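**Q** Below: one structure in structure tokens.
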Amino acid sequence: MDASDIDKDLTEILVTEEQILTRLREMAEEIERDYEGKDLLVVGVLKGAVMVMADLARSFSRHVEMDWMAVSSYGSGTKSSGVVRILKDLDTDISNRHVLIVEDIIDTGLTLTWLVSNLQSRKPASVEICTAFRKPDAAKMAVPVKYIGFDIPDEFVVGYGLDFAEKYRNLRCVATLAPHVYS
Ligand code: 5GP
Ligand code: MG
Ligand code: MG
């Protein structure tokens, strides 16, 4: 799907497909250097991180293992509450493993802060975070984010895995939604 197919629903393309893929290749190189000689388990957070995971993982010139988690964060409106429930747990025992969490976007960081402490309790060798997009509030996060694709403004965006009511995930770019879609 091209942005033009649904551009009546979008107001502005913030990050193009080309920009995303270029940045992910740079990040993959950095991650390869940092994990040289170590095994690496990348953990994607469903469903949003599916696109990031697919493109990041295929940018590696080394072997990585992939696993997935699905969590639900309860909150009113569009902000998460930090109260998190595991919908799908890892299939992998991560004790003594180097774990890299792959996220689509970090807004408040509450979901991810919870996830990191949950994974830490399983005694991995290390846990780091990689996110494609980060909003300004995430800078206040207690847990540092090691790999960041793009810092974006505090606006609700869709595309590249990010949804509004489960739509727009398959959009190749990241864009802001037109008000008529959600009002
Ligand atoms: P946090 O706990 O960091 O506030 O929330 C993170 C989750 O909220 C993300 O993984 C994503 O699912 C959702 N989210 C946060 N900001 C946006 C956004 O601008 N657009 C979309 N579609 N989802 C978002
Ligand atoms: Mg997510
Ligand atoms: Mg969503």
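Nothing in this text is a laboratory measurement; each read-out follows from the coordinates by a stated rule. The structure displayed is predicted, hence computed values, not measured ones. As a convention, Cβ positions derive from the backbone with ideal geometry for all residues, glycine included, and neighbour counts pool all protein chains shown.
**Q** For the chain, what does the helix formula give at 222 nm: sum of -39500 (n - 2.57) over DSSP H segments with n ≥ 4, over the residue count, nearest 500 deg cm²/dmol?
**A** When only DSSP H runs of four or more count, the value is -7000 deg cm²/dmol.
**Q** In the range 17-151, if the dipole is taken from +1 on Lys/Arg beta carbons and -1 on Asp/Glu beta carbons about the Cα centre, which of F60, V50, S73 is farthest to the positive end?
**A** Of F60, V50, S73, it is S73.
**Q** How big is the Rg/Rh ratio for the range 17-151, C-alpha atoms only, Rh by Kirkwood, two decimals?
**A** Values: Rg = 14.1 Å, Rh = 15.0 Å.
My calculation of the ratio gives 0.94.
**Q** Okay, next question. Remind me, relative contact order of the chain in percent, using alpha carbon pairs under 8 angstrom and six or more residues apart?
**A** After rounding, I find 26 percent.
**Q** Tell me, M51, M27 in order of fewest to most beta-carbon neighbours within 10 Å?
**A** Taking fewest neighbouring Cβ atoms as first place, the list is M27, M51.
**Q** A further question follows. What is the sum of charges, Lys and Arg at +1 and Asp and Glu at -1, for the other residues whose Cβ falls under 12 Å from the Cβ of I20?
**A** Working: positive: R23, R25, R172; negative: E17, E18, E26, D55, D104.
Around I20, the surrounding residues sum to -2.
**Q** While we're here: Tell me, what does the Kirkwood hydrodynamic radius of the range 71-176 come to in angstroms if you use every pair of distinct C-alpha atoms?
**A** 14.7 Å is the Kirkwood radius here.
**Q** Report the longest stretch of the chain that contains none of the chymotrypsin sites (Phe, Trp or Tyr not before Pro) sitting in a DSSP loop with at most 16 other Cβ atoms within 10 Å.
**A** 61-155
**Q** On to the next question. Which shape class, rounded, prolate or oblate, goes with the range 118-183 when its Cα gyration tensor gives a ≥ b ≥ c as root eigenvalues, a/c under 1.5 marks rounded, and past that a/b bigger than b/c marks prolate?
**A** prolate
**Q** If one takes the longest principal axis of the Cα atoms in the chain, at what angle in degrees, from 0 to 90 and to the nearest 10, does the Cα axis of helix 17-34 lie?
**A** Relative to the chain, helix 17-34 is tipped by roughly 10 degrees.
**Q** Once amide H atoms are placed 1.01 Å from N in the peptide plane, what residues at a sequence separation of 5 or more from T108, or on another chain, have their amide H within under 5 Å of its amide H?
**A** S80
**Q** Tell me, in nm to one decimal, what length is gained between K140 and F156 on full extension, where the rule is 0.36 nm per residue of separation less the Cα-Cα distance?
**A** Numbers: separation 16, 0.36 × 16 = 5.76 nm, distance 1.86 nm.
Residue separation times 0.36 nm, minus the Cα-Cα distance, leaves 3.9 nm.
**Q** Also: Under 5 Å between amide hydrogens, which residues at least 5 positions from F150 or on another chain qualify, with H placed 1.01 Å from N in the peptide plane?
**A** Amide H to amide H, under 5 Å and 5 or more residues apart or across chains, F150 pairs with F133, R134.
**Q** Next question. What range in the chain is the longest one free of GluC sites (Glu not before Pro) that are in a loop by DSSP and have at most 16 other Cβ atoms within 10 angstrom?
**A** Numbers: sites that count: E36, E155, E166.
It works out to 37-154.
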